[in-house]
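Notes to accompany the following structure.
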Amino acid sequence: MEKQVILDSKQFDLTLTRLCHELIEQHSDFSSAVLIGLQPRGIHVVSRLRDKLERLLGNAPVCGTLDITFYRDDFRRREKPIIPNVTNINFSIEGKSVIMVDDVLFTGRTIRSGMDALLAFGRPKNVQLLVLVDRRFSRDLPIQADYIGKSVDTLLQEKVKVSWLEVDGEDKIELFMMDQYE
Amino acid sequence: MNSLSVPHLIGIRDLTTSDINTIFTTADSFKDVINRPIKKVPSLRDITIANIFFENSTRTRISFELAAKRLSADVLNFTASSSSVKKGETLIDTVNNILAMKVDMVVMRHASPGAAAFLAKNISARVINAGDGTHEHPTQALLDAYSIREKFGDVADKKVAIVGDILHSRVALSNIYCLQKLGAEVMVCAPKTLIPKNLSDLNVHYTDNLKEALSWCDVANMLRIQLERQEIPYFPSLREYTMQFGLTQAILDELPKQITIMHPGPINRGVEISSEVADGQNSIILNQVENGVAIRMAVIYLLASQIER
């Protein structure tokens, strides 16, 4: 199977814009909602959404980044210890609506860890999940997203890669067979 | 780069510079964790750690215990004074009995140099040396260097004076190894009787003049006189030691620059350091204690990640 482009840069932008409108529909001016991106790739989604929301609303929503390394359930099942990324939540999430953001939803294990990690910072009013790509029918845990950029049906051996203009040189989402993935 | 090159932490001497930097980077994240409203992460839920202390300790034992608990490990504490060691049990027997209860990691302090290395060779659990006699105290050196890094941004090219009982101090030896691996320069300052014979092998500067050491350094690490390890008198009296080597505000005020003051504890106020200096604005003594928990979390986390199930 060749690698397959799921979203090109134009569709990519349209999808992000639609997600912003869906967020505004639910949270209007973001006075009691915050966006939290999961390290390492969810932070790119957040920074794009933040820029777009700022243009649409006139002011940017409160955003943070969350690292879930110490909350993972595969500690010691990997070859090397996982060295953590930066967590930056310098605001209270107490009583807020928290929208957790990641690039790809696959088994749901990262999101489970993310919820554990998030609750260490306080008790939010509610937690929602936004993902750019939802790999359907591949969940290990009962977790679903509230906002979905694109749903795809994939095989276990496949890999979804989200590329970003700022780090990878181009906005696109591709589907690979595992052995073609670098 | 992401894992340690050693299965146990016996001494700084065995670590590479990259190991030390990995520990520091990991400790940065844990320092963030211990300043959250909920200071605990679930990483080591399935790990049991025994703190075995054959020598007295408050800070180190509590710090290790807290570090383990913040990582969600189970901890059991064992102090020799209330144990079967008093009934004549050997070290290996004591530890093997504890390991029979399925313990994954042992944190040990012992009065004999080499005790931790001996243990690591003879048991299946991971060993962290929390001080073996006059030999090494690796986590103290790591937290000292980490505190210097936090204060100055980097350890390389810093000048550190270690003042006090160098001969009996495991903190001094571990600190010398650690600071040198990170590119700092070290000077020791003590009465000649409290300097080890083989000092020249360590490639450190030496002076017996406190003011000379203080004018040279960026950081002064003041050590306690370890009277419990001194079987013969090494200087005429504590009062005389204090006159020559005790750090007071008056001495600091005479220096042309500000220097940072460290102390591994326990402090003998009025002997090696005056209360005014210990509690003064240049002292980072309590930062060292806070960093101790983060460093020990990092060491435990990185060693535990090597355990296979």
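The values are calculated or read from the model by the stated rules, or taken from the named source; none is laboratory data. Remember, predicted model here, so these are calculated numbers, not experimental data. Counting neighbours? That spans all protein chains shown, and the Cβs are built from the backbone with ideal geometry, glycine included.
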Check your understanding: Conditions: (1) farther than 15 Å from residue A:41 by Cα; (2) of a type outside the set (S, T, N, Q); (3) out of contact with any strand residue (DSSP E or B) (no Cβ under 9 Å at 6 or more places or on another chain). Residue A:84 meets all but one. Number of the miss?
Key -> (1)
Check your understanding: Can you find even one residue in the stretch B:87-95 that is among the small types (Gly, Ala, Ser) and either crowded, with 21+ Cβ neighbours inside 10 Å or at negative phi (or both)?
Key -> no
Exercise for review: Pull up the stretch B:57-76, narrow it to residues that are of a type in the set (A, V, I, L, M) and either more than 19 Å from residue B:110 (Cβ to Cβ) or touching a residue at least 12 places away in the same chain (Cβ under 8 Å) (or both), then point me to the one that is nearest to the other protein chains (Cβ to nearest Cβ).
Suggested key: B:71
Check your understanding: How about the stretch B:154-169: which of its residues are outside any loop (DSSP other than H, G, I, E, B) and surrounded by fewer than 24 Cβ atoms within 10 Å (Cβ to Cβ)?
Key -> B:159
Exercise for review: Might you check whether a residue that is among the aliphatic types (A, V, I, L, M), buried (at least 17 other Cβ atoms within 10 Å of the Cβ) and within 12 Å of chain B (Cβ to nearest Cβ) occurs anywhere in the stretch A:125-138?
Suggested key: no
Exercise for review: Inspect all residues belonging to the stretch A:85-94 and state whether any of them is under 23 Å from residue B:300 (Cβ atoms), buried (at least 18 other Cβ atoms within 10 Å of the Cβ) and either modelled with pLDDT under 85 or touching a Pro at 6+ places or on another chain (Cβ under 7 Å) (or both).
Suggested key: yes
Review point. Which helices (runs of 4 or more DSSP H) sit wholly inside the stretch B:196-309 and have at least 3 residues that are assigned by TED's automatic domain parsing to the domain that holds residue B:72 and buried (at least 22 other Cβ atoms within 10 Å of the Cβ)?
Key: B:285-304
Check your understanding: Which one of these does residue B:91 not meet: (1) away from chain A (no Cβ under 14 Å); (2) without any contact (Cβ under 8 Å) to a residue 24 or more places away in the chain?
Key -> (2)
Practice item. State the number of residues belonging to the stretch B:133-173 that are touching a Gly at 6+ places or on another chain (Cβ under 8 Å) and more than 26 Å from residue B:111 (Cα to Cα). Key: 3
Review point. When the stretch A:164-182 is examined, which residues are found to be without any contact (Cβ under 8 Å) to a residue 24 or more places away in the chain and either among the aliphatic types (A, V, I, L, M) or buried (at least 18 other Cβ atoms within 10 Å of the Cβ) (or both)?
Key: A:178
Practice item. Evaluate the following for residue A:29: is it more than 14 Å from chain B (Cβ to nearest Cβ), part of a loop (DSSP other than H, G, I, E, B) and more than 30 Å from residue B:28 (Cβ to Cβ)? Key: yes
Exercise for review: Being in contact (Cβ under 8 Å) with a residue 60 or more places away in the chain, within 12 Å of chain A (Cβ to nearest Cβ) and in a loop (DSSP other than H, G, I, E, B) is the filter here, so list the residues in the stretch B:1-56 that pass it.
Suggested key: B:3, B:4, B:34, B:43, B:44, B:46, B:47
Point to revise | In the stretch B:170-188, the residues that are β-branched (Val, Ile, Thr), over 11 Å from the mean Cα position of the chain (by Cα) and either under 23 Å from residue B:19 (Cα atoms) or surrounded by fewer than 20 Cβ atoms within 10 Å (Cβ to Cβ) (or both) | key: B:176, B:186
Exercise for review: Evaluate the stretch B:252-273: report whether one residue or more is touching a His at 6+ places or on another chain (Cβ under 7 Å), in contact (Cβ under 8 Å) with a residue 40 or more places away in the chain and more than 14 Å from chain A (Cβ to nearest Cβ).
Suggested key: yes
**Study point:** Yes/no for residue B:94 being in a helix (DSSP H, G or I) and within 16 Å of residue B:138 (Cβ to Cβ)
**Key:** no
Exercise for review: Would you please list the contacts, defined by Cβ atoms under 9 Å and residues six or more apart or on different chains, that run from a residue in the stretch B:294-307 that is closer than 11 Å to residue B:44 by Cβ and at the interface with chain A (Cβ under 9 Å from one of its Cβ atoms) to a residue that is part of a helix (DSSP H, G or I) and aromatic (Phe, Trp, Tyr)?
Suggested key: B:301/A:70; B:301/B:30
Review point. What number goes with the only condition from (1) at negative phi; (2) assigned to a loop (DSSP other than H, G, I, E, B) that residue B:144 does not pass?
Key: (2)
